[in-house]
Each structure stands twice: as C-alpha cells, then as structure tokens.
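Reviewing the structure listed below.
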Amino acid sequence: MPSFDEVLKEAGEFGRFQKRVFFLLCQTGITFSFLFASVVFLGQTPENYWCRIPGAAELSERCGWTLEEERNFTVLPLRLANKSSSRECERLDTAWDTSTSCANPLACYSNRSTGSLPLTACHDTWVYEEPHSSIVSEYNLVCSNAWMLDLTQAILNLGFLAGAFTLGYAADRYGRILIYLLSCLGVGICGIIVAFAPNFTVFLIFRFLQGVFSKGTWMTCYVIVTEIVGSDQRIIGIVIQMFFTLGIMILPGIAYWVPNWQGIQLAISLPNFLFLLYYWAVPESPRWLLTRKKGEKALKIMHDIAKHNGKYLSPHYSEITVSNEEVSNPSFLDLIRTPQMRRNTLILMYAWFTSALIYQGLVMRLGIVGGNLYLDFFISGAVELPAALLILVTIDRIGRCPPFAISNIVAGIACFITAFLPEDLPWFKTTVATLGRLSITIAFEIVYLVNTELYPTTLRNFGVSLCSSLCDLGGIIAPFLLFRLAAIWLELPLIIFSILAIVCGLLVLLLPETKGISLPETVEDAEQLSSHYGKCGKKRKHRDTSSYI
C-alpha cells in the first residue's frame, strides 16, 4: 500500500485545494493577534481624571456647577497647596453636604496655611473626562489599582497556557477541525461576554476563557496547514505568522475608528463566528485520520483534494498505509520517553520560553518614539515584516537550524551591545536594539515550523501546544523581569536577554535538520530524524536517506 506522502504527491502537494484552505486558515492569525495585543487599546489610561469629594455630585447639582467648575473646586486647591500631591490619586479629606457654600465650598480651610490641607487616598470615586472609553475607566484601574491592568494581560496568557495543554491534547484525540471550530465558537462567545461584563471579576474570568479558546484556534490551524501540504511547502507556516503581523498593523486602525473599548472588543471577537463556515470548506487532517485507523475517510479526503487540484488518483490507491503504532491519549511522558524526542522537547521548550521573553521584553523596552499611539503601533508591527521575508528566502536554501541558531545569537549580541552603548547616541542604540528585535522575531517564527516538523502525527498537536505553553509562561514573566531588573540597573534586563538568547542559539544546533524531510508519522520516525539526517543539516553518509528526502 502507498504511504500518505506518495498519495499526496499524486493528489498535489500544494494545489488549488491547499491554497484555498491555507488562505482561509491564515485569517486566524489576524484575529489571534487582535486578542494578543488588544490590551494596548482596551487599557488606555485616560489623560485627565480626578477624584470626586463625597457629596460633590449632589452639591454640584444644587449649585448648578459644570463638570469643569466642580473639577476646579476639587483639583485646584491640590495644585496650589499640595504641589507634591498625586492629584489623581488623592483628594481633600472632607465631605460636602447641604450646608456647604456654593461660592466657596472650601471655606472651612480658609485659615489653613499653604501646603497643610488634609489629604486622603481616593477609593473608587474617580471622574473621567472620557467615561468608559477603556477598561481603565470602566473598572477604575488607576492609582493603587493600576496593577490590575497588568493582571488582565497575565490572565490572558494564563488562558493561552491552559489552552495549550487542554485543547492541544483534545486536538490529537478528537480531531483538528472539530477542536478548531469549537475554539472559534468559544472565542466569539467569550469575547461578547467580556464586552458586556458587569464587573471586573466576570471580565477576568471570560478573558481567561477567551485566551484558552484562542490558543486552540491558533495552534490547531497551524497544524492543519502543515499536515496537508508536501515537505517542500511546509514553510508556508511562516506565512501564517505574516498574517499575525498583518493583524498587528490592522488593530490600531480598528481602535482609531471605534470610540470605546466595548466596540473594540466586539470588533476583534465577532469575526471568529465567520470561521464556523469553515465546517464546509476545511476538511479533517487526513494524516490525523490515518493515525486513528480511519483510512477510508482519509482516502476520500485525498480524492477530494486531487479533484480540486485538477488531478486524479491512480486506481491502485484504494488504501493508504495506516500507522501500526498503537494510539493512546497523548501525555507529556510520550514527549520525553525516547532519547531524541526528549532532547527535542527540552530544547524546544527552552527556545519557546526564550523567544517569548526576549520578544516581549524588547517590545516593551524599545517602544516607538512619538506621541501618536496608533501610528507608533502600526510602525512597530511593520518592523516585523522583514523577519518572515528573510526566513522565506533562506530556510529552504540553507535549512532550519542555521537561521534558527544565528538569529538567536545575533539577538543576544545586539542586546549585549545595546546595554553598553552611550545614551548620547540614541539613533545608534535604537538601530542596534531594532536589530535585536528583528532577530528574535525570526527565531520566534522559526520555532513554530521546527516544532511542527519534529513531532510525529500521533503527538504533533499536543507536542506543539505543550512546548509553546512555555511561550505563554515567558509572556507572563517578561514585564515583571523587565521592570524589576530595570529598577536595579536600566540595562540589566538586556544582559539577561543576551545570555538567554546566546544559550538558545547554541542549543538549537543540537536539533535535527528537517529541510526536505517527510513529516514523521510515528515516534520511531521522529527518533530516526537524527540518525538519517544528522545534526543541523549534516548528512550521515553511511545511512540511506532516499526515503527521507
């Protein structure tokens, strides 16, 4: 019986059918990036807000004050008498009632000397000139509650982490497309609930769940695309990440035209319902069907692929080789049971963690100079486009390992040099830091492809999801590591980033080169990748490589 790759060559490795499925699933990258980076616009801190004195609303109504007049009576004394005061986070320690004068509500403090007005911390009585324009004003995430805004992003990353374990496991057990569609439905429903959350607790719960389901859509679509194309076309996985960058560039446009955070949240969540139409357009992965002993269904899908590609399967393709490997529910032990799988898993987990930590750390540190948030954010996304183009130009010529290792090492060197460049050369320092960001972006995008190619079909979705969960852990740690170490020495985080990146660059040299090799179907195939192709692209002459190239 022919193997799956033989049938795929006959049906077309990247014909009209695969191109259509690829384009449809690429849209997932756009919506995933919307959620990933949306906190920048959902959580904008209002430029002007102040703390209302108890009873001020009633007094303002009785006296006929405008909001500006009430603000002057409340904030102006703090400016004049308490110049060291944090005006947004404190208020005068008083209360206004019916006996308070409309003309001079602070008459009781007329005999106080300058700078001696009593103050108290503000608690949930802030007034925003643009009410409910962001989650900050909606849930009062300012002053002593400002850390809760960081919590919203940490909760989202925890959702990604949970989704990597649960939905990665489910996709290997129940099927790729089923989990993809359920995840799209979950993202849409949870996104609507987040937009109309009655309180901050409900907001956090469903933002976490939205992260869970969103990770399911992103990782599963990546695996589906990789499994239905030939070995020479697997680099199209890099193009999916270009759609992620495209989403980063589109997001500021949405935020600019939509006036409030609820509208932004709905705009980035509702498109996920459109992906439910893929039920009629995207089939189950035939590779996965074969691992589940469903050869007839897999063959039917292959006939459909051939038909759409304008080809015809030979009559002797009545069956496809079905894996003899016993399929069980995947677990972490499956990824570390054999020597090569264990080495690959540990290195990939470290690579995911390092890439995410350095990428997010450099983005937060470098930023974009200027006052226009929307334009700055667009430019920061455009900077990442050359990364995917460089990968596409090099990865099929020199392999996966060399650019993977070089990009990490260059990122580490760039971080180290940036840390010691003088401040009076800001343009040069920014240029070197940008080189570091470009390099770590390349590493970040290559790890997706390499991770997919090193695991057998029986464990691929679970393996990718589990290893990439370290990415989410890195995303959670990044802001704390950056800001805590920067408090000691501003450039100390760059030194840490440098060490992590260079170590990662050396470790990935131990991974097998996968350029031009068929995707492994079983654990045995995955183990043989190293012996048949050597480390980082060095062929071993005493082995026959014809069946792998």
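The values are calculated or read from the model by the stated rules, or taken from the named source; none is laboratory data. As the structure is a prediction and not an experimental result, all values here were calculated from the model. No Cβ is skipped: glycine too gets one built from the backbone with ideal geometry, and neighbour counts run over all protein chains shown. Surface accessibility is based on the protein's heavy atoms, side chains included, excluding ligands, DNA and RNA. Shrake-Rupley method; radii C 1.70, N 1.55, O 1.52, S 1.80 Å.
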So for the pair Glu423, Ser3, with labels modelled 7 Å out along Cα→Cβ, what separation do we get in nm?
6.0 nm
Quick one: of Lys9/Lys294; Lys9/Lys515; Lys300/Lys515; Lys9/Lys293, which pairs are farther than 23 Å apart, Cα to Cα?
Lys300/Lys515
Backbone N under 19 Å from the Arg20 label point (7 Å along Cα→Cβ), restricted to the stretch 274-305
274-287, 298-305
Listed residues Glu61, Glu384, Glu6 arranged by accessible area, highest first, probe 1.4 Å
Glu61, Glu6, Glu384
Under the Karplus relation 6.51 cos²θ - 1.76 cosθ + 1.60, θ = phi - 60°, what is the ordered set of whole-Hz ³J(HN,Hα) values for the stretch 194-208, x standing for Gly and Pro?
4, 5, 10, 4, x, 8, 5, 5, 5, 4, 5, 4, 7, 5, 4
Stretched fully, the stretch from Val393 through Phe332 gains (0.36 nm per residue minus C-alpha distance, one decimal, in nm) 18.5 nm
Any residue on another chain or 5+ positions along whose placed amide H is under 5 Å from the amide H of Asn309 is listed here as Phe17
Other-chain or far-sequence residues with amide H under 5 Å of Glu129's (modelled H):
Asn48
Residue-span extension gain [Leu490 to Cys143] - 0.36 nm each, minus C-alpha spacing:
122.6 nm
Chymotrypsin sites (Phe, Trp or Tyr not before Pro) within the stretch 147-234: which are DSSP loop residues with at most 12 other Cβ atoms inside 10 Å?
Phe196
